[in-house]
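Trainee: Take this structure, written in structure tokens, and hold onto it; I'll ask about it next.
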Amino acid sequence: MTKRRILVTGAASGIGAATARRLAANARLALIDRNAEGQSALASALPNAADHLTFGFDVSDEHAWAKAARRIGDAWGGLDGVVANAGIAAAAPIADLSFAEWRRVMSVNLDGVFLTLHHGFGLIADRGAMVVVGSVAGLKAEPGVAAYAASKAAALQLAKVAAKEGAPRGVRVNAIAPGGVETPIWRGIDFFDAVVAEKGEQAAFDSIAAMATPLKHMAKPEEIAAMIAYLLSDEARSITGAVMVIDGGYSV
Ligand code: NAI
């Protein structure tokens with residue numbers, strides 16, 4: 001059977017890396033991350049390393065996308081799956097949030113998803129599937145996360161519009177809305193770093209889970225990768241335009 005061709009952004013760490021590891025044995029992957037070094041290290045340790053393509057660029061860079069899309073098209077003729085996963089976090093109340101910081105978050109979490117879907121549509125085969133990694137922050141408001149939450153709410157809506165645009169060709173587009181996931185994205189957020197300094201990283205994750213989720217469980221990146229793999233698969237052939245929440249009950 002021919003292997004599916006799947007593009008994953010933000011593939012060097014966390015959810016993107018777990019997704020790459022999950023899919024690598026049975027797919028050819030186009031892996032995109034601005035952390036070129038981290039991504040090469042990950043890619044060389046994947047099963048069938050020689051089958052995969054790697055790109056080191058910022059997902060908000062329009063010109064880099066055009067070059068990468070050409071290279072993927074030349075190499076593989078198209079794609080069967082796209083995972084718009086790259087994203088950054090930021091935390092500050094609106095009154096303290098600089099416009100530059102607002103723009104930085106929007107450029108990665110929203111412009112980056114737009115460019116991924118834009119080029120994804122250019123390459124995706126009929127009956128392909130795309131997944132946008134949003135966040136439950138795009139559904140449930142909390143103080144102090146304006147840029148992140150607004151970018152994720154917009155990304156969820158972008159995925160729904162894309163689902164309607166893709167449907168005539170059988171292209172499915174879904175979003176996932178994770179709650180807390182144990183990945184490095186939390187590093188640099190003040191309250192998280194403060195608990196890490198006192199008790200270590202696992203204890204910080206555990207205390208957020210205990211505080212915020214009925215299940216008292218923070219997801220591992222592999223759980224999110226499993227949901228992404230499902231949405232990309234034919235088993236999900238009736239699902240499009242959905243937002244799959246995976247948050248330990250936080251948003252209930
Ligand atoms: P992570 O920080 O472990 O990985 C993010 C990856 O994206 C990194 O390899 C980073 O280099 C790459 N990246 C960041 N900005 C980029 C850019 N402009 N261009 C190219 N690559 C870029 O984070 P994690 O947790 O794996 O995040 C993946 C996605 O999941 C993000 O969209 C995030 O918002 C979302 N998410 C994460 C949650 C969590 O608690 N970890 C919860 C809900 C959503």
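The values are calculated or read from the model by the stated rules, or taken from the named source; none is laboratory data. Note that the coordinates shown come from a computational prediction; the quantities given were computed from them, not determined experimentally. Note: ideal-geometry Cβ built from the backbone for every residue, glycine included; neighbour counts use all protein chains shown.
Trainee: Take the residues of region 205-214 that are over 18 Å from Ile15 (Cβ atoms) and within 23 Å of the chain's Cα centre (by Cα): which is nearest to the ligand (Cβ to nearest atom)?
Mentor: Going through the qualifying residues, I end up with Ala212.
Trainee: Any idea how many residues of region 127-164 are assigned to a helix (DSSP H, G or I), more than 15 Å from the ligand (Cβ to nearest atom) and crowded, with 22+ Cβ neighbours inside 10 Å?
Mentor: Residues that pass the stated criteria total 1.
Trainee: Another question, if that's okay. All but one of (1) surrounded by fewer than 23 Cβ atoms within 10 Å (Cβ to Cβ); (2) away from the ligand (no atom under 15 Å from the Cβ) hold for Ile124; state the number of the condition that does not hold.
Mentor: With respect to (1) surrounded by fewer than 23 Cβ atoms within 10 Å (Cβ to Cβ); (2) away from the ligand (no atom under 15 Å from the Cβ), Ile124 is out only on (1).
Trainee: Related question: Pick out, from region 1-107, the helices (runs of 4 or more DSSP H) lying fully within it that include 1 or more residues that are within 16 Å of the ligand (Cβ to nearest atom), over 29 Å from Ala141 (Cα atoms) and aromatic (Phe, Trp, Tyr).
Mentor: Where helices (runs of 4 or more DSSP H) fall fully within region 1-107 and carry at least 1 residues being within 16 Å of the ligand (Cβ to nearest atom), over 29 Å from Ala141 (Cα atoms) and aromatic (Phe, Trp, Tyr), they are 62-76.
Trainee: I'd like to verify a number: residues in region 217-233 that are touching a helix residue (DSSP H, G or I) at 6+ places or on another chain (Cβ under 7 Å), within 12 Å of the ligand (Cβ to nearest atom) and more than 14 Å from Val8 (Cα to Cα), how many?
Mentor: The qualifying residues number 3.
Trainee: Give all pairs with beta carbons closer than 7 Å in which a residue from region 38-54 that is within 13 Å of Ala12 (Cα to Cα) and among the hydrophobic types (A, V, I, L, M, F, W, C) meets a residue that is assigned to a helix (DSSP H, G or I) and within 15 Å of the ligand (Cβ to nearest atom); count only pairs at least 6 apart in sequence or on separate chains.
Mentor: Note: pairs meeting the criteria are Leu42/Ala17; Leu42/Ala20; Leu46/Ala20; Leu46/Arg21.
Trainee: Still on this structure, I have one more. So which residues in region 1-40 are hydroxyl-bearing (Ser, Thr, Tyr) and more than 16 Å from Trp76 (Cβ to Cβ)?
Mentor: Listed by number, the residues that qualify are Thr9, Ser13, Thr19, Ser40.
Trainee: Can you name the condition, by its number, that Gly38 falls short on among (1) buried (at least 19 other Cβ atoms within 10 Å of the Cβ); (2) within 17 Å of the chain's Cα centre (by Cα)?
Mentor: For Gly38, the failing item is (1).
Trainee: Oh, and also: Can you name the number of the only condition in (1) at pLDDT 95 or above; (2) within 11 Å of the ligand (Cβ to nearest atom); (3) surrounded by 15 or more Cβ atoms within 10 Å (Cβ to Cβ) that Pro184 fails?
Mentor: Pro184 satisfies all of (1) at pLDDT 95 or above; (2) within 11 Å of the ligand (Cβ to nearest atom); (3) surrounded by 15 or more Cβ atoms within 10 Å (Cβ to Cβ) except (3).
Trainee: Further, regarding this structure: List the residue pairs whose Cβ atoms are under 6 Å apart, where the first residue sits in region 9-37 and is among the acidic types (Asp, Glu), the second is near the ligand (Cβ under 10 Å from one of its atoms) and outside any loop (DSSP other than H, G, I, E, B), and the two are 6 or more positions apart or on different chains.
Mentor: Every condition considered, the pairs that remain are Asp33/Gln39.
Trainee: If you don't mind, there's one more thing I want to ask. Quick one: in region 108-121, which of the residues that are without any contact (Cβ under 8 Å) to a residue 60 or more places away in the chain and either under 23 Å from Ala226 (Cα atoms) or outside any helix (DSSP H, G or I) (or both) is farthest from the ligand (Cβ to nearest atom)?
Mentor: Leu117
Trainee: Is it the case that Gly112 is at positive phi and either out of contact with any strand residue (DSSP E or B) (no Cβ under 8 Å at 6 or more places or on another chain) or surrounded by 15 or more Cβ atoms within 10 Å (Cβ to Cβ) (or both)?
Mentor: no
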